[in-house]
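Please treat every number below as a calculation from the coordinates, not as lab data. Given the structure is predicted, the values throughout are model-derived calculations rather than measurements. Here Cβ is always computed from backbone atoms with ideal geometry, including for glycine, and neighbour counts include all displayed protein chains.
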Amino acid sequence: MEQTLFIYNTLTRRKELFRPLHEGRVGMYVCGPTVYGDAHLGHARPAITFDLLFRYLQHIGYKVRYVRNITDVGHLEHDADEGEDKIAKKARLEQLEPMEVAQYYTNRFHEAMAALNCLPPSIEPHATGHIIEQQQLVSEILRNGYAYESNGSVYFDVEKYDKDHKYGILSGRNLEEVKDASRELDGVGEKRRQADFALWKKAQPEHIMRWPSPWSDGFPGWHCECTAMGRKYLGAHFDIHGGGMDLIFPHHECEIAQAVASQGDQMVRYWMHNNMITIEGKKMGKSYNNFITLPQFFSGEHEKLTQAYAPMTIRFFILQAHYRSTVDFGNEALQAAEKGLARLMDGWKALKRLQEGQKVKGAPAVEMSYVDELRSKCYEAMNDDLNSPIVISHLFDACRVINTVLDKKASISAEVAQALLGLFHTFAFDVLGLAEDAEGNNKAREEAFGAVVNMVLEQRVQAKAEKNWALSDKIRDDLAALGFEVKDTKDGFSWTLNK
Ligand SMILES: [Zn+2]
């Protein structure tokens, strides 16, 4: 690899040089959505963050296997071990098959991801398709003495584990803090201690998602699926595990404990976590009931939205912040992102027009060294823990230079213009994953341009009425030269843009 990538490892709390286990290959696992509702802005952030990582790793030459799961069972209410399964609850309320709910929201999630230009993962395993693997994991942990059966359910023995291996290494919490943080539970007497978590839950009679097991008819605990599926598709040891910061505890802490308790050592080498999106200072999330879904952003239909936002505006908004810093949602911030994206895309379009070069007498030339330097600065930013906002600022610098050429204050040779075009394409589209046709406020701009064409054609109607054929023909020919095809119709005119 030519590039030396440093990423922040939550486990060691520092930036580390990334070295994959197997040369040239990377295995990465990212916690996917629980499919009982539409994805919201908070879900867009890990999707875009790890899409950026996926794209960059591939760009610098790695072959990447990217696994992102679909949680379609086992995620109980309030992220605790008691309560009703989120998907089963939705199915019961809407009188649907649980798999119908899961499929519906999986499809909607895929649509939103495609709109955000997130590449599909290499493998997208479903938790319900891996019940056997999860049961095997539970059996191994039982066999190694780190779990106990109680009334048909199986719980992880956190205290026993803590004595041998130390629980809490990822979150930095000690067992006392974990005990205090765990809430009082119903299902009294099943668990030995509050900090213990469920590996298998016996299903109550009304519970509709259930599978036979050596312990009871029931379902796996939420934390099991990622350990079981990560191991199945990436091996007992793999490179990167990612997700939102809110998953560090308890989810990822429990995953580490499950891995060590079952196979004797940790599975994951680099733990990466994106920060949260806040709304009015609070984390945006389903449990806080303060979220705005992605389809609502795209349509503008939500009381907190003053307008619709194009998916690329959302992507650009998220990439404008480093993934480990917080982002506060606000209409003004999104509108600024929309303008910024439009400015970037204007620069791109101008650059395409300049690709044959442009000579201005007496003006200084844009040197190849400028492009080379800008390229190394962009790599430097990406290699420094995926610093996308810095990459964006370098692209804006390229726009500034392009505008200088447009203003005829600088010359550019075809060679330099094409090198700059290549650099822009690499970072804006291949790495940051912006769609090439993104224009930020696309619709409004198109409407404005369309209105101008109509205005010009009204003038032509006027000219024809005055038998000013020279002007009428000139308007038609000039528009044709720009790619507009004008047709005279019974009630006036119609036009199309052939571009
Ligand atoms: Zn997970």
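Here are a few things to note about the model shown:
- Centroid-to-centroid separation of segment 448-481 and segment 381-410 [C-alpha atoms, Å]: 39 Å
- For Asn290, distant residues with modelled amide H under 5 Å away: Gly285
- Trp495, Trp271 arranged by Cβ crowding within 10 Å, fewest neighbours leading: Trp495, Trp271
- Amide proton proximity set for Ile70, modelled H, under 5 Å, gap of 5+: His126, Ala127
- Value at 222 nm in deg cm²/dmol, rounded to 500, when DSSP H runs of n ≥ 4 in the chain each add -39,500 (n - 2.57): -14000 deg cm²/dmol
- DSSP-defined beta bridges in the chain - what % are antiparallel, rounded to 5: 55 percent
- Binned Cα-Cα distances of segment 294-431, short to long, each 5 Å bin given as a whole percent: 2, 10, 18, 19, 16, 13, 10, 7, 4, 1, 0, 0
- The 3J(HN,Hα) values that the Karplus relation (6.51, -1.76, 1.60; θ = phi - 60°) gives for segment 408-423 are, in residue order, 6, 9, 8, 9, 9, 7, 4, 4, 5, 4, 6, 5, 5, 4, x, 5 Hz. Gly and Pro appear as x.
- Residues Phe316, Phe424, Phe298 arranged by fewest to most Cβ contacts within 10 Å: Phe298, Phe424, Phe316
- Legend: calculated FRET efficiency, Glu280 to Ala350, from the Cβ-Cβ distance at R0 = 45 Å, rounded to 0.05, equals 0.70.
- With θ taken as phi - 60° and the Karplus curve 6.51 cos²θ - 1.76 cosθ + 1.60 applied, the whole-hertz 3J(HN,Hα) list for segment 345-350 is 6, 4, x, 4, 5, 5 Hz, x standing for glycine and proline.
- Ratio Rg/Rh [Cα only; Rh per Kirkwood] for segment 6-274: 0.95
- Ordering Met284, Met276 by the number of other Cβ atoms within 10 Å of each residue's own Cβ, fewest first, gives Met276, Met284.
- Antiparallel beta bridges, as assigned by DSSP with both residues in segment 6-274, represent about 50 percent of the total such bridges.
- Debye-formula intensities of the chain, expressed as log10 I(q)/I(0) at q = 0.07, 0.12, 0.13 Å⁻¹, are -0.48, -1.11, -1.24 (one equal scatterer per alpha-carbon, no solvent).
- Separation of the alpha carbons by more than 31 angstrom is noted, of Lys15/Lys352; Lys282/Lys352; Lys166/Lys377; Lys352/Lys464; Lys232/Lys377; Lys15/Lys232, for Lys15/Lys352; Lys282/Lys352; Lys166/Lys377; Lys352/Lys464; Lys232/Lys377.
- C-alpha long axis of helix 388-406 to longest principal axis of the chain, angle in °: 0 degrees
- In degrees, nearest ten, helix 469-481 long axis to first principal axis of the chain (Cα): 40 degrees
- Net lengthening on full extension, Lys232/Ser171 (0.36 nm per residue, minus Cα-Cα): 19.4 nm
- Amide H contacts under 5 Å for Trp211, placed H, 5+ residues apart: Gly218, Phe219
- Under 18 Å from Lys283, Cα to Cα: lysines that are on another chain or at least 8 residues apart: Lys304
- Ratio Rg/Rh, restricted to segment 193-314 and using Cα atoms, in which Rh is the Kirkwood radius: 1.07
- Using the Karplus relation 6.51 cos²θ - 1.76 cosθ + 1.60 with θ = phi - 60°, the per-residue 3J(HN,Hα) values for segment 91-96 come to 4, 5, 5, 9, 6, 10 Hz, with x marking Gly and Pro.
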